[in-house]
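**Student:** The structure is given below, and queries will be raised subsequently.
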Amino acid sequence: LGIEEDDFPHTGSVTSALPIPGIASVAASTNHAVKLSNWLKKDPHLQLYIENDCKMLPEVLSYNVVAEVKGNAFPKSIILAGAHLDSWDMGHGAHDDGAGVVQSIEVMRIFRALGIKPRNTLRIVLFMNEENGMRGAYEYARIVGKGHERHVVALESDAGGFSPRGFRINAGEAQLEAIQSWAPLFQPYLMHHLDAGFSGADIGPLKEFDVPLIGLYVDPQRYYGYHHTAADTFDKVNRRELHMGAAAMASLLFLIDKYGLPEEQVLLSE
Ligand SMILES: [Zn+2]
């Protein structure tokens, strides 16, 4: 996955390219992969000894973190902003997904700071266990499935705290068009890319209930220099870019809260 020439292997779920059971897979950094490739060119019969101390620890109980401001017109209708709390155990998980967590909280702070009382309930959900099974996301969807509330929209930030470019939308045709009609409002900030596309892993299970799903779309050029590596540390996050992303999220949720989205079955696929 790496795009930089560095010594950071990208952890995460690894699947073997060879469909042979019992062969372990490991991630290598770009520099180490080049080194290995050069060794193999010199000696095609090269043998390599790899020692690995990875292990699975026992399961522990954990939780999603949820906060909300009750809607003053439709308290049982939810506009959701979320991100995931967990990260891989290298680095800080600053871009993946500390940035999204902070932005989701910031959406709520922006509403309060501007004195906006949402018509629908503004709910912030910080999902647990995205990286290793998405159990927080499935548990949240299971509760939504009980049908006590309606989700107007779910918005996720999990692409890093980089400069926002717009949103990726997984919704029905008329809902997509309604959001795209707001492009002129985002255009002055170059956040006007409002295209159909993948929204985010944690809100994905809500699609079953025809919830319009939206992902914050950010400049993707540097993400894979940090993603799932020891290099994903706080100093890599630009404060201004992080703020701009949160402001983009708050703006879109404000518009949806004020004007609503057309009701329809979700037709587009991820
Ligand atoms: Zn993530």
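**Student:** Expressed in nm to one decimal, what extension gain is obtained for the pair residue 263 and residue 61 from 0.36 nm per residue of sequence separation less their Cα-Cα distance?
**Tutor:** Details: separation 202, 0.36 × 202 = 72.72 nm, distance 3.70 nm.
Taking residue 263 through residue 61 to full extension adds about 69.0 nm, to one decimal.
**Student:** A further question on this structure: Sort 92-102, 231-241 by the packing proxy (mean of other Cβ within 10 Å over each peptide's residues), most packed first.
**Tutor:** 92-102, 231-241
**Student:** Further question: What is the magnitude of the charge dipole of the chain about its Cα centre, with +1 placed on the Cβ of each Lys and Arg, -1 on the Cβ of each Asp and Glu, and no other charges, expressed in debye to the nearest 20?
**Tutor:** Details: 23 positive and 34 negative charges, 165 e Å.
Once rounded to the nearest 20, the dipole reads 800 debye.
**Student:** Right, another one. Among 199, 262, 124, which residue has its Cα positioned farthest towards the positive end of the charge dipole of segment 123-270, with +1 placed on the Cβ of Lys and Arg, -1 on the Cβ of Asp and Glu, and the dipole taken about the Cα centre?
**Tutor:** The one lying farthest along the dipole's positive direction is 124.
**Student:** Structure shown: which of 35/55; 76/146; 76/207 lie over 21 Å apart, alpha-carbon to alpha-carbon?
**Tutor:** 35/55
**Student:** Here's a follow-up. Express the carbon and sulfur contribution to the solvent-accessible surface of the chain as a percent, rounded to the nearest whole number, probe 1.4 angstrom.
**Tutor:** Of all accessible area on the chain, carbon and sulfur atoms account for 56 percent.
**Student:** Using helices alone, I'd like the mean residue ellipticity at 222 nm for the chain: each DSSP H run of four-plus residues gives -39500 (n - 2.57), total over residue count, nearest 500.
**Tutor:** On the way: 6 runs with 71 residues, N = 270.
Result for the chain: -8000 deg cm²/dmol, rounded to the nearest 500.
**Student:** In square angstrom, what is the accessible area per residue of segment 151-258 with a 1.4 angstrom probe?
**Tutor:** 38
**Student:** Tell me, what is the per residue accessible area of segment 11-72 in Å², probe radius 1.4 Å?
**Tutor:** Per residue, segment 11-72 has 92 Å² of solvent-accessible surface.
**Student:** With label points built 7 Å along Cα→Cβ from the Cα atoms of residue 42 and residue 76, find their separation and express it in nm.
**Tutor:** Taking the two extended label points, one gets 7.2 nm.
**Student:** Between residue 117 and residue 52, what length comes free when the chain is fully extended (0.36 nm per residue of separation minus the Cα-Cα distance, one decimal in nm)?
**Tutor:** Length gained between residue 117 and residue 52: 18.1 nm.
**Student:** Here's something else I'd like to know. Once the Cβ-Cβ distance between residue 33 and residue 234 is put in as r, and R0 is 25 Å, what FRET efficiency do you end up with, to the nearest 0.05?
**Tutor:** 0.35
**Student:** Stretched out fully, how many nm does the piece from residue 25 to residue 224 gain, at 0.36 nm a residue minus the Cα gap?
**Tutor:** 69.7 nm
**Student:** Given the options 81, 247, 24, which has the most mean-square fluctuation in a GNM of the chain, springs set between C-alpha atoms less than 10 angstrom apart?
**Tutor:** Among 81, 247, 24, the largest mean-square fluctuation in the Gaussian network model of the chain belongs to 24.
**Student:** Assigning unit charges at the beta carbon (Lys, Arg +1; Asp, Glu -1) and nothing else, what dipole magnitude in debye, to the nearest 20, does segment 1-127 show about its Cα centre?
**Tutor:** Magnitude of the dipole: close to 900 debye.
**Student:** Identify which of 218, 26, 107 has the largest mean-square fluctuation in a Gaussian network model of the chain, with springs joining Cα atoms closer than 10 Å.
**Tutor:** With Cα springs under 10 Å in the chain, the top fluctuation among 218, 26, 107 is at 26.
**Student:** With no solvent and one equal point scatterer per Cα, compute the Debye intensity ratio I(q)/I(0) for segment 154-270 at 0.14, 0.19, 0.22, 0.24 Å⁻¹ and report its log10, rounded to two decimals.
**Tutor:** Per q value, in the given order, log10 I(q)/I(0) is -0.57, -0.99, -1.24, -1.40.
The values are calculated or read from the model by the stated rules, or taken from the named source; none is laboratory data. Computed from a predicted structure; not experimentally measured. Cβ: placed from backbone, ideal geometry, glycine included. Neighbour counts: every protein chain shown. For the accessible areas, the whole protein counts, side chains as well, though only heavy atoms, and no ligand, DNA or RNA atoms are used. Shrake-Rupley method; radii C 1.70, N 1.55, O 1.52, S 1.80 Å.
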